[in-house]
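The values are calculated or read from the model by the stated rules, or taken from the named source; none is laboratory data. Keep in mind that what you see is a predicted model, and the values were worked out from it rather than measured. Cβ placement follows ideal geometry from the backbone for every residue including glycine, while neighbour counts extend to all protein chains displayed. Note: accessible area is taken over every heavy atom of the protein model, side chains too, but ligands, DNA and RNA are not part of it. Shrake-Rupley method; radii C 1.70, N 1.55, O 1.52, S 1.80 Å.
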Amino acid sequence: MVFRHPKGVFDLLPLSPDHSDQWRNVHLWQHLEQVIATLAFRYRFEEIRTPIFEFTELFARSVGEETDIVSKEMYTFEDRAQRSLTLRPEGTAPLLRAILQQGLHLQGAFQKYYYIGPMFRYERQQAGRYRQHHQFGAEIIGDPSPERDAELIAMLLELYQELGLSGLTLHLNSLGDQECRDHFREALVATLQPKRKELSDEGRLRLDRNPLRLLDSKEEGDLALLEEAPSILEFLEPPAKEHFDALCETLEALSIPYTINPRLVRGLDYYNRTVFEITSSHLGAQNSLGGGGRYDHLFHQLGGPEKAAIGFGTGLERILQAALDQKVPFPDLLGPTLLIIPLGERARRRAFLLAQESRSWGVSSEVDLTGRRLKGALRNADQVQAEFVVILGEDELAEECCEIKAMRRHTSEKIPLKSLRSYINV
Ligand code: HAM
């Protein structure tokens, strides 16, 4: 029997360029991770790596009991000591937990951290939705300035643009402060309660338990009823309104276009004030590339002091899928600098030792120990895009020489082995 991986997860592999599922090509992931690390460095975000699982309570308390993520999608299990643990469905709560536990929030007025890693959600399988997906997330803790909202949005857009993505839309909304949401909730319930029967089962449940979640609904009928509901933006109190206006102005100063979308609430309960999402016209139904928002009270809710905060998360799978759909160019994978081909048994040992020695010079090198004929070995050298090929035959060995082919220049010459290092210029 051959084992297969479970549904909704995937392997990242060094796929050949003509493979149809290029988004699983590990070379593209390595490239993307490098672009992210450089971007994070420019914006002064430090990396934090948290464990893959946490106590379940952490997510219930932060993401929210009534959200789809907590109520339907978590991989929760008991360990051998009957503690309830959960594979992290998102990265914000674990990051705050780590900051609080390690006292990082005591170092300086504000902190900027980022993470890259797998997240786990038991989702219905479809294109763009996986049970293990990967996120790059960035969070700023301890700064309520609207400029920080703009900085994060600009950084996320810069990532997409640097990778060559186009067809992007930035959706923006404000969920205001608590009082504003209370008033909006009342107005929403007052509009929808009389139409209760027309709502879907899920819609009725949301109306009773967490009416704001109705705005998130995927049911066409519910969405039509929501047309008559007021906009949350009409309920913003002056401080939240000023914050939102300042963010919009800052985005305009940065020449970043945006669309205000008063229905945008996002699927997690911890947000207040700014929420945003960036969609791509190059993805199907799951068109959200990334999103985030303010969560000014979450730090306190998790046992820390009041600290305003904002962040985003973006899915690496979706970034690569959008990029490939647009056929954006990725850097070519480099072949070995040196490929050594021994001809005959005696040359084999020497070729192996030479490969080892060249690696100590910092050269990326490979040795062909297959024993195949020269013609086949050269064909392989072409395929793997070797820069230099060294051929070591018995005659060359006797003279302490080798034949070296510079594959891109199509030249070939005989050189002493001791000149090899300077020949390849290291
Ligand atoms: P989220 O919107 O749930 O936010 O996820 C962020 C991004 O992760 C999405 O925009 C999408 O690209 C990707 N994503 C989410 N679920 C899946 C899935 N099942 N399969 C593939 N990709 C997926 C958060 O998780 C928040 N923690 C973001 C945040 C950080 N807010 C503040 N700070």
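List of remarks:
- Among residues of the range 291-320 being under 13 Å from residue 23 (Cβ atoms) and either part of a strand (DSSP E or B) or open to solvent by less than 40 Å² (accessible area, probe 1.4 Å) (or both), the one that is farthest from the ligand (Cβ to nearest atom) is 320.
- Number of the condition not met by residue 99 [criteria: (1) open to solvent by 10 Å² or more (accessible area, probe 1.4 Å); (2) away from the ligand (no atom under 11 Å from the Cβ); (3) under 21 Å from residue 307 (Cβ atoms); (4) in contact with a helix residue (DSSP H, G or I) (Cβ under 7 Å, 6 or more places away or on another chain)]: (1)
- Boolean, residue 206 is open to solvent by 50 Å² or more (accessible area, probe 1.4 Å), more than 30 Å from residue 155 (Cα to Cα) and touching a helix residue (DSSP H, G or I) at 6+ places or on another chain (Cβ under 9 Å): no
- As a summary of the residue check, residue 390 satisfies the conditions (1) under 17 Å from residue 352 (Cα atoms); (2) open to solvent by 20 Å² or more (accessible area, probe 1.4 Å) except for the one numbered (2).
- Residue 144 being modelled with pLDDT of 95 or more and either within 9 Å of the ligand (Cβ to nearest atom) or part of a strand (DSSP E or B) (or both): no
- Number of the exception - residue 88 against (1) over 28 Å from residue 319 (Cα atoms); (2) among the basic types (Lys, Arg); (3) touching a helix residue (DSSP H, G or I) at 6+ places or on another chain (Cβ under 8 Å): (1)
- From the options 156, 165, 104, 172, residue that is within 12 Å of the ligand (Cβ to nearest atom), farther than 22 Å from residue 210 by Cβ and either touching a residue at least 12 places away in the same chain (Cβ under 8 Å) or of a type outside the set (Lys, Arg) (or both): 156
- Qualifying residues in the range 244-285 (those that are modelled with pLDDT under 95 and of a type in the set (Gly, Ala, Ser)) - the one least open to solvent (accessible area, probe 1.4 Å): 280
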